[in-house]
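Engineer: Here it is: the structure, laid out below.
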Amino acid sequence: MKPKPVVETEEKTRHYLKLVGALLFLIGAGWFLFRSLRGEVREPNLKPFASLGSYAALETAKLLGRAAKILVIYDSNPVGMAGAGKPLGRQAIEVESFKAKLGSSGRFSFAPDWKLPRPAMAVSTVWPKGEFERLLSQQSAETALVIFCDPPALNMTDKARLKARSGRLILVGALMPTAQGLVREGVVHLAVATRVPPRPSEKASESPDEWVARVFARLTPETSRAP
């Protein structure tokens, strides 16, 4: 019996992860609607997302060490549940905190943000065909890439091209199964990945930093297993 091609297996895995993400979104949206009808919706607490951005900045600074140019990639209109027709914009908050933390050191500069418009009904990042190739062609090989949204589907050519760059590739918020695979292959140099599932909360309330430690894990090629 012939083994299934690696590309086919990876495609099925990505499809499964997207289905999981869509299911989690629908569950959250249903709960939000239920609370809305009962009049229980409150303004969202955005501090945890800012804390995630700051944490990612500290880990990025450790990885890059010296001065470097950074390109940040994220959804320009991510789906959120802060109110009907009012996107939460959590990625924008994470990016703002990330850039503020790194910018304060004076060692890093930033290329103009690369924003990916997300279609209204999409529940995950949409990379237009050829978008990632265009992104790479417009950046120097030394520029570090920090992706706050879902990473693009990468073929063998894409992975080889990324490995040949001197600029580091960093993921923030990607699902653990996706991030772990890319880190182990040496394509991604650092990931602050979303645990699947997150660790259960042991407190009635937690600080933004405690939330980050519980929900996310730091992955590198040297330690690609989540602690």
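Bear in mind these aren't lab numbers, they're just calculated from the coordinates by the rules spelled out. Just so it is clear, the structure is predicted and the values come from calculations on it, not from any experiment. As a convention, Cβ positions derive from the backbone with ideal geometry for all residues, glycine included, and neighbour counts pool all protein chains shown.
Engineer: Round to the nearest 0.05 the FRET efficiency obtained for Ala164 and Ala122 when R0 = 22 Å and r is the Cβ-Cβ distance.
Structural biologist: So the FRET efficiency works out to roughly 0.10.
Engineer: Would you mind calculating the relative contact order of the range 44-219 from Cα pairs under 8 angstrom and at least 6 residues apart, reporting the percent as a whole number?
Structural biologist: 23
Engineer: Separate question: What is the dipole size for the range 135-227, taken about its Cα centre, with +1 at each Lys and Arg Cβ and -1 at each Asp and Glu Cβ, in debye to the nearest 20?
Structural biologist: 260
Engineer: If you don't mind, another one. Pop a pseudo-label 7 angstrom from the Cα along the beta-carbon direction at both Asn45 and Leu58 and give the gap in nm to one decimal.
Structural biologist: In this crude label model, Asn45 to Leu58 measures out at 1.9 nm.
Engineer: Greater than 18 Å separation of Cα atoms is the criterion. Which listed pairs, Lys69/Lys99; Lys62/Lys99; Lys115/Lys163; Lys101/Lys163, meet it?
Structural biologist: Pairs exceeding 18 Å: Lys115/Lys163; Lys101/Lys163.
Engineer: Among 164-172, 134-142, 57-65, how do they line up from the highest to the lowest mean number of other beta-carbon atoms within 10 Å?
Structural biologist: So the order, starting with the most tightly packed, is 164-172, 57-65, 134-142.
Engineer: Another one. From the backbone phi of the range 50-62, what are the Karplus-calculated ³J(HN,Hα) couplings (6.51 cos²θ - 1.76 cosθ + 1.60, θ = phi - 60°) in whole Hz, Gly and Pro given as x?
Structural biologist: Using θ = phi - 60°, the values come out as 5, 5, 4, x, 5, 4, 4, 5, 4, 5, 5, 4, 5 Hz.
Engineer: When ranked by the protection proxy of mean other Cβ atoms within 10 Å per residue, highest first, what sequence do the peptides 107-115, 152-160 form?
Structural biologist: Ranked by mean Cβ neighbours within 10 Å, highest first: 107-115, 152-160.
Engineer: Next question, about the same structure. Give me the net charge for the shell around Glu210: Cβ to Cβ below 10 angstrom, other residues only, Lys and Arg +1, Asp and Glu -1.
Structural biologist: Summing Lys and Arg as +1 and Asp and Glu as -1 gives -1.
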